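Undergrad: Quick one: the structure is below, questions incoming.
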Ligand code: HEM
Ligand code: SF4
Ligand code: SF4
């Protein structure tokens, strides 16, 4: 299983890289697959509502009403019909890529099982919506789908009478089936919306809208496609004949030819077995879990920064239990924590400036604590030589770091780059332990822990607590979000950064900041 995942991961990294060159990190569609899924969903809903105004649900009128929409009202209804179809196809494409990508990047096991598990029913809902949609057109393709689907359902033997016989003869076909199909085509998307909402409940700050540029570009692409190649019906259904050559929509109907080849029960076994396998995948095998974040009430003032920054909704605030003067305290839900350490990077008490006592922040990872990080950073800095002494902080899920090491370069690998409190950068530079700090990790927009590099950028820019103090000279901070694939470029960026800081005059604190910071140094907190 892990071999398969490695191949899938390498393939995605390659494709990501190609897209990144074309779109840049922010607009890379491979990083927005879930958000694009939502975007396509809304296009389908809006265009569907428009079509419903003009669609006639009678067996004899359905085809005619769609012909009117497509040909007479081509400039509005026709475009809406095409948007409806192409956005539905787009939904299938991004959903399948999203599924494969979450699997390939190992973002579906351990505490992250919930999103995967709730994603599986979405597959069935999307297919049910698409197939019922094609059915409603009532052309020869709909006839083919109607017969093939009902024959397949009949093999279950749960309906009192065979339902396929409804489609063998025009006299038998009743409007009830049409009403049922319209009901399915409207009810399933609504239910799907509820499951989509549940799907992202364990994602803090879930991204459900693609960036503006990507949204506009995608919509424009669909519009152009709709005008160049409008969605049309095939010949009207004729129950007196057996449909011959059918143009299938391979996104939704690829499995239909298999129904001719294998027995209905075999196809049920494949569908049920496949669904079960997908549902169980997060536990085949389960992810080895590391010790989760723990709260130290003596140092927690209930500020809530960890709650806001945890990407997996694993921290909550609850009423104080220890009688301290603060109203709230942080509490970690064990089962939701992925041990990414981002909460510790957010806590105002995670500061290396405190030397009087051991560094015990309000929230910390037992196996990757802030005290150990401070000790490691000090030891690493002490081993550096030259006039461009740099510590590289990187993430264990990002690029390979070890080969960057050298006389002037030390490397510290973190659970996630979002685990690094900005006060560490401040401390190491302003106390002359190093000449520069270099940060690296996953590509922007594709953090393995969802928000780590995004929060780091915002903290450095002073847009998010705990922010990096203004006194820290920005020219002594380098960063390159290399991801897994841009290792050689990372080495070049680091070398260029070192060359730049070697030319800088020795760092000196401004007299104003020296005067204002000096007395507080032993108890300083950041942000
Ligand atoms: C209609 C189809 C779907 C839509 C619209 C959708 C949308 C989303 C969105 C918006 C997120 C949050 C992304 C973020 O902010 O990090 C997400 C996460 C996720 N989705 Fe889906 N999804 C769909 C189907 C699926 C399917 C079929 C699967 C797999 C069976 C799946 C697996 C996951 C997983 C594992 C995550 C969590 C990733 C993490 O923890 O970082 N999704 N999805
Ligand atoms: S380590 Fe902290 S930020 Fe990461 S999942 Fe656990 S509680 Fe959330
Ligand atoms: S960030 Fe630190 S101090 Fe604030 S609530 Fe979380 S643990 Fe407590």
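Every number in this text was worked out from the coordinates using simple rules, so none of it is lab data. None of these values were measured; they are calculated from a predicted model. Cβ coordinates were reconstructed from backbone atoms using ideal geometry, including for glycine residues, and neighbour counts include every protein chain displayed.
Undergrad: Determine the percent antiparallel among the DSSP beta bridges restricted to the chain, to the nearest 5.
TA: Bridges in the chain are about 40 percent antiparallel.
Undergrad: Also, quick follow-up: In deg cm²/dmol, rounded to 500, what helix-only [θ] at 222 nm does the chain give when every DSSP H run of at least 4 residues adds -39500 (n - 2.57) and the total is split over its residues?
TA: Numbers: 18 runs with 257 residues, N = 527.
When only DSSP H runs of four or more count, the value is -16000 deg cm²/dmol.
Undergrad: Over its Cα atoms, what ratio of radius of gyration to 2.2 N^0.38 Å does region 294-523 give?
TA: Details: Rg = 17.5 Å, N = 230, 2.2 N^0.38 = 17.4 Å.
For region 294-523, the normalised Cα radius of gyration is 1.01.
Undergrad: Same structure again: Which values, in whole Å and largest first, are the semi-axes of the equivalent ellipsoid of region 212-259 obtained as the square root of 5 times each eigenvalue of the Cα gyration tensor?
TA: Gyration-tensor ellipsoid for region 212-259: 32, 15, 7 Å.
Undergrad: If you line up the long axis of helix 33-54 against the longest principal axis of the chain, both from Cα atoms, how many degrees apart are they, to the nearest 10?
TA: Tilt relative to the chain: about 30 degrees.
Undergrad: Show me the ranking of peptides 400-411, 442-453, 256-267, 359-370 by mean Cβ neighbours inside 10 Å, starting with the highest.
TA: Order by mean packing, descending: 442-453, 359-370, 400-411, 256-267.
Undergrad: On a 0 to 90° scale, report how tilted helix 113-137 is relative to the longest principal axis of the chain, with both axes built from alpha carbons and the result rounded to the nearest 10.
TA: Approximately 30 degrees, to the nearest 10.
Undergrad: Any idea what % of Cα-Cα pairs in region 1-82 are farther than 18 Å?
TA: On the way: 2073 of 3321 pairs.
In whole percent, the share of Cα-Cα pairs in region 1-82 beyond 18 Å is 62.
Undergrad: Follow-up. Sort 490-500, 313-323 for me by packing, meaning the mean count of neighbouring Cβ atoms within 10 Å per residue, highest on top.
TA: Packing order, densest peptide first, comes out as 490-500, 313-323.
Undergrad: Below 8 Å, C-alpha to C-alpha, sequence gap of six or more: please give me the relative contact order for the chain in percent.
TA: With pairs under 8 Å counted, the relative contact order is 13 percent.
Undergrad: Helix 140-154 versus the longest principal axis of the chain: what angle, 0 to 90°, nearest 10, using Cα atoms?
TA: Between helix and principal axis, roughly 80 degrees.
Undergrad: Here's something else I'd like to know. Report, to one decimal in Å, the Kirkwood hydrodynamic radius for the chain based on all distinct Cα pairs.
TA: 26.5
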